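Inspection log for the structure reproduced underneath, given as structure tokens.
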Amino acid sequence: MSQRTTEGSRSGETPVIELRHVEKHFGDLHVLRDVSLSVHRGEVVVVIGPSGSGKSTMCRAINRLETIDSGEILIEGEPLPQEGRELARMRAELGMVFQQFNLFSHMSVLDNVTLGPRDVLGLSREEAESRAMELLARVGVAEQAHKVPAQLSGGQQQRAAIARSLAMRPKAMMFDEPTSALDPEMINEVLDVMVELARGGMTMVVVTHEMSFARRVADRVVFMADGQIMEEGAPDAFFDHPRTQRARDFLDSIRGH
Amino acid sequence: MSARAVSAPSVRDALFEAPGPRMRRKIVVGTAVSALLVALGLAVVVRQFYVTGQLDARYWSFFLEWTTWRFLAQGFVGTLEVALTAGAIALVLGLVLMLGRTSGVRPLSAVCRVVTDFFRGVPSLLLIYFFFLVVPQYGVKMPAFWMLTLPVALAAAGVLAEVFRAGVNAVPKGQVEAALSLGLSPARTMFKIVLPQAVRYVIPSLIAQLVVVVKDTTVAYVVSYPDLMQNARVLITSYDALVSMYLVIALIYILINYAINKASVYVAQRTGVKIIR
């Protein structure tokens, strides 16, 4: 099972995100098997693994876009609420970036970014817009603020989506394969934004296939297969000396050429 | 951006590949032949009209009188009042039924489903007979306006509920997930994110259903409500001019529905422009 090197060294602190013995089935398919994971403040955890390994499901379970069968999910020590206002409040504190961007297609980019702050946080229009423009400038799409998402490239859309999440000033950000739907030339512009975020101390859970990003940015790499966390550890240790055969096979298969 | 701007320039372009030279020749020949056939058909119709005396002055001269048009205009206003009221009720009720049906509350959902299917399945004429013949027996006195408007509205509401539901189902799931993950409540997600997009998807179906509403109002004679059709019937009996009158009011109905179509597209485009600013 998993070794908890990083976790052990910081056991005194309450993790921002903690999963304890989480189980989930999709019908007969056992997608999450006894998944336990802690993410501490400022930590960047990169989750990798073959498709169908449950890594997206785990990521989505953290803000209850997927329900779990058993186990516990704690956000700053508090159990994740099941419904209603409490759940909405918790979700507002956790940023989520999707593979398909999911910008609201009937709104301008600016309205996408101000919606949450105005509607959920109760900011005035002026406050929300100045916060939004600042973030859009930070991710490099300020000139596109008044366009609708369909007028933007994939990379621009994903960067705007990151700005939308950041506008909520989240405690942590989840990225569910943020570059998998992008054309190759747009991957780096999104990864660059994520690297900036990580350097700024954001707590992040990143599901990705970008191994160079994982090696460069991750504090810890989590390898999942068949719904289980097979191993986790520092990126260099994991990539250079994977301990499990599954991880060796996986790394060989993606390095094959 | 209207539905038109987003989709292919025309249905033909979307469905068929660009024709080659041989196909283009066939199209030219086909067009010429069919144009000839249409012209021939029209000629036959006009000739029949002439032979049977339908083009005689007595069938058309009363259109020169001011009272004819005033009477038709009164009917036109009557049609408009019923159609607009019924359309508005149907839009609101259809939306409510859809929201009820898609809600997580099981009994509410079941009730809305039965109500929707009932009004969708029953012909509007039967509903009108119900309001005209059955409801008064239970002591509910209703003016002719409502005996016509309510059944037309109810029948359309059933269809519109399903139209809205199709639109809501067409909105990608990711839009909802993104809204929820920002901390929006399910209700706000529905009203701010899902519905505005859903309505845009179903604008063509909404237009079609509003046209049906206008056409449904033509059974006003059942309840003796003075709409365009009813007033035309009065004129037909007083001037004994069936064909000419039917032709004229058919033209008016076509114009009404054309106006609905134009107005809807205009509204769609305007909301589209507003998004971009």
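At-a-glance table
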quantity	calculated
Residue in region B:111-127 that is in contact (Cβ under 8 Å) with a residue 60 or more places away in the chain and either under 20 Å from the mean Cα position of the chain (by Cα) or open to solvent by 50 Å² or more (accessible area, probe 1.4 Å) (or both) present	yes
Residue that is nearest to A:Val97 (Cα to Cα) [pool: residues in region A:140-192 that are among the acidic types (Asp, Glu) and buried (at least 17 other Cβ atoms within 10 Å of the Cβ)]	A:Asp176
Flag for A:His146 being farther than 16 Å from B:Gly183 by Cβ and in contact with a Ser or Thr (Cβ under 7 Å, 6 or more places away or on another chain)	yes
Of all residues in region A:20-60 being of a type in the set (Lys, Arg) and within 23 Å of A:Ser180 (Cβ to Cβ), the one that is surrounded by the fewest Cβ atoms within 10 Å (Cβ to Cβ)	A:Arg60
Count of residues meeting criterion [surrounded by 19 or more Cβ atoms within 10 Å (Cβ to Cβ) and not in a helix (DSSP H, G or I)] in region B:162-198	4
Test: residue in region B:215-227 that is over 16 Å from B:Gly78 (Cα atoms), buried (at least 16 other Cβ atoms within 10 Å of the Cβ), more than 14 Å from chain A (Cβ to nearest Cβ) and touching a residue at least 60 places away in the same chain (Cβ under 8 Å)	no
Residue check, B:Gly75 in contact (Cβ under 8 Å) with a residue 12 or more places away in the chain, touching a Pro at 6+ places or on another chain (Cβ under 8 Å) and either open to solvent by 60 Å² or more (accessible area, probe 1.4 Å) or in a helix (DSSP H, G or I) (or both)	yes
Counted residues, region A:97-108 - those being open to solvent by 50 Å² or more (accessible area, probe 1.4 Å) and either part of a helix (DSSP H, G or I) or among the hydroxyl-bearing types (Ser, Thr, Tyr) (or both)	1
Test: residue in region B:256-267 that is touching a residue at least 40 places away in the same chain (Cβ under 8 Å), under 30 Å from A:Leu115 (Cβ atoms), part of a helix (DSSP H, G or I) and away from chain A (no Cβ under 14 Å)	yes
Test for A:Val148: is it away from every other protein chain (no Cβ under 14 Å), modelled with pLDDT under 95 and out of contact with any Gly (no Cβ under 7 Å at 6 or more places or on another chain)	no
Residue under evaluation B:Ser103, criteria (1) without any contact (Cβ under 8 Å) to a residue 24 or more places away in the chain; (2) open to solvent by 60 Å² or more (accessible area, probe 1.4 Å), criterion not met	(2)
Subset tally (residues that are surrounded by 18 or more Cβ atoms within 10 Å (Cβ to Cβ) and free of Cβ contacts under 8 Å to residues at least 24 places away in the same chain) for region B:199-214	0
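Yes or no, residue by residue, for (1) more than 12 Å from chain A (Cβ to nearest Cβ); (2) among the hydroxyl-bearing types (Ser, Thr, Tyr); (3) out of contact with any helix residue (DSSP H, G or I) (no Cβ under 8 Å at 6 or more places or on another chain):
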| position | (1), (2), (3) |
| --- | --- |
| B:Ile128 | yes, no, no |
| B:Leu148 | yes, no, no |
| B:Ala155 | yes, no, no |
| B:Leu160 | yes, no, no |
| B:Ala166 | yes, no, no |
| B:Gly174 | no, no, yes |
| B:Leu184 | no, no, no |
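The values are calculated or read from the model by the stated rules, or taken from the named source; none is laboratory data. All values reported here derive from a predicted model rather than from experimental measurement. As a convention, Cβ positions derive from the backbone with ideal geometry for all residues, glycine included, and neighbour counts pool all protein chains shown. Note: accessible area is taken over every heavy atom of the protein model, side chains too, but ligands, DNA and RNA are not part of it. Shrake-Rupley method; radii C 1.70, N 1.55, O 1.52, S 1.80 Å.
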